[in-house]
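What follows is a single structure, written as structure tokens, with notes after it.
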Amino acid sequence: MDRLLQLEVFSRTAELGSLSKAADTLRMSNAAASRHLSALEERLAVRLIERNTRRQWLTEAGQELLQRCSPLLNELAEAEDAVSDRALSPKGMLRVTSSLSFAMIYLAPMLPAFRALYPDLSVQITSANRYLDFIEAGIDVAIRTREQEPDSNIIVRRIGQMHRVLAAAPSYLEKHGRPEHPADLARHNMLIYNLANDPYSLRLSQGGATQTIRIAPTLDSNDGQIICGAARAGLGILIQPLYIVQSDIAAGRLVPVLMGWELPLLTMNIAYQNRVRLPAKIRVFSDFLVSHIREHSEPGIWIDATK
């Protein structure tokens with residue numbers, strides 16, 4: 001039985017957290033994948049993956065093997081990619097993670113055009129507002145708002161910076177009034193994205209003046225779509241990236257407030273693992289995404305969306 005294939009089955013099972021998902025990725029039956037994994041454990045005389053009816057987890061030996069074999073499998077894939085037609089026509093599965101809002105507004109709408117160019121490349125999108133581990137989650141590309149990664153093996157490619165805005169529904173402003181100064185926010189219902197940096201503190205600038213305001217949430221949530229839905233319903237004032245609320249503002253469902261004051265810009269990046277040779281599927285996806293954002297974003301949303 002192919003030793004390399006055994007390692008690929010093991011690695012994919014560990015990364016995806018599921019033998020059946022690994023089998024699908026490698027285009028084999030569940031029974032075949034199970035035989036390969038069992039053969040590997042028998043050959044090494046050690047249990048690599050423990051499993052029950054609800055979940056699976058790596059043994060200590062499995063963790064060590066994954067740490068050692070993953071770089072080798074990646075290098076082999078890159079070597080094959082370098083000398084095959086994948087350089088011109090990427091194939092396989094590309095796994096992407098981003099926030100739900102970014103996936104809805106940018107990723108999903110661009111997929112038909114992307115797939116038309118690369119029909120042999122499938123895309124899996126995992127929406128997550130927390131940052132997933134690349135190896136544990138089997139991620140190829142992550143769309144993130146932090147400028148630096150704690151892991152030196154992660155490469156960051158900047159998409160650009162974007163404005164953030166404060167906005168509320170007309171019904172809320174009619175009932176509660178419009179804030180005219182940052183200090184007025186203390187008496188308003190605030191809808192807060194709780195995964196932002198220091199979410200309960202707002203730093204607003206006007207000219208050379210800067211004010212920092214502490215705010216208390218009427219609603220806090222880890223998802224921008226929940227916050228937007230509550231704002232449209234008239235619950236309070238949200239703080240969100242402009243790209244998320246632009247359509248609501250254009251339609252009159254939300255109204256910007258404190259327009260004379262600016263919030264710190266938000267930086268959006270593409271992140272992927274450092275490789276000796278960047279896989280073609282990551283390269284073409286990253287290039288296409290940046291171009292799509294530049295061509296399909298409303299003016300004023302992005303400051304410097306560049307290649």
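The amide H of G234, built 1.01 Å from its N in the peptide plane, has A169 as neighbours under 5 Å, considering only residues 5 or more places off or on other chains. The simple Förster model, with R0 at 22 Å and r as the Cβ-Cβ distance, assigns Q124 and I155 a FRET efficiency of 0.60.
Label sites at A216 and H296, each approximated as a point 7 angstrom past Cα along Cα to Cβ, lie 4.3 nm apart. Here the gap between D2 and A61, fully extended at 0.36 nm per residue and compared with their Cα-Cα distance, gives a gain of 19.2 nm. For I215, the residues whose modelled amide H falls within less than 5 Å of its own, excluding neighbours fewer than 5 places apart on the same chain, are S201, L202.
The share of accessible area on the chain that comes from carbon and sulfur is 49 percent, using a 1.4 angstrom probe. Per residue, segment 169-244 exposes an accessible area of 49 Å² to a 1.4 Å probe, with every protein chain left in place.
Taking amide H positions as modeled 1.01 Å from N, with prolines and chain starts lacking one, no residue 5 or more places away or on another chain lies under 5 Å from S89. Principal semi-axes of the equivalent ellipsoid, √(5λ) from the alpha carbon gyration tensor of segment 1-126, are 29, 19, 13 Å from largest down.
Could you give the dipole magnitude of the chain about its Cα centre, charging the beta-carbon of Lys and Arg +1 and that of Asp and Glu -1, in debye to the nearest 20? Numbers along the way, then the final one.
Working: 34 positive and 33 negative charges, 72 e Å.
Dipole size: approximately 340 debye.
Taking the chain as the region of interest, the number of lysine pairs whose Cα atoms are within less than 28 Å, with members eight or more places apart or on different chains, is 5.
On a per residue basis, the convex hull of the C-alpha atoms belonging to the chain measures out at 161 Å³.
Here's the picture: charge each Lys and Arg Cβ at +1 and each Asp and Glu Cβ at -1 in segment 1-78, and of T59, A31, A45 the one pushed furthest to the positive end of that dipole is A31.
As a test, work out the antiparallel percent of DSSP beta bridges whose residues both lie in the chain, rounded to the nearest 5. Don't jump to the answer; show the numbers that get you there.
Numbers: 29 of 44 bridges.
The antiparallel proportion sits near 65 percent.
The values are calculated or read from the model by the stated rules, or taken from the named source; none is laboratory data. Predicted, not measured: the structure shown is a model, and the values here were computed from it. Cβ: placed from backbone, ideal geometry, glycine included. Neighbour counts: every protein chain shown. Each accessible area value is taken on the protein alone, full model and side chains, heavy atoms only, with ligands, DNA and RNA left out. Shrake-Rupley method; radii C 1.70, N 1.55, O 1.52, S 1.80 Å.
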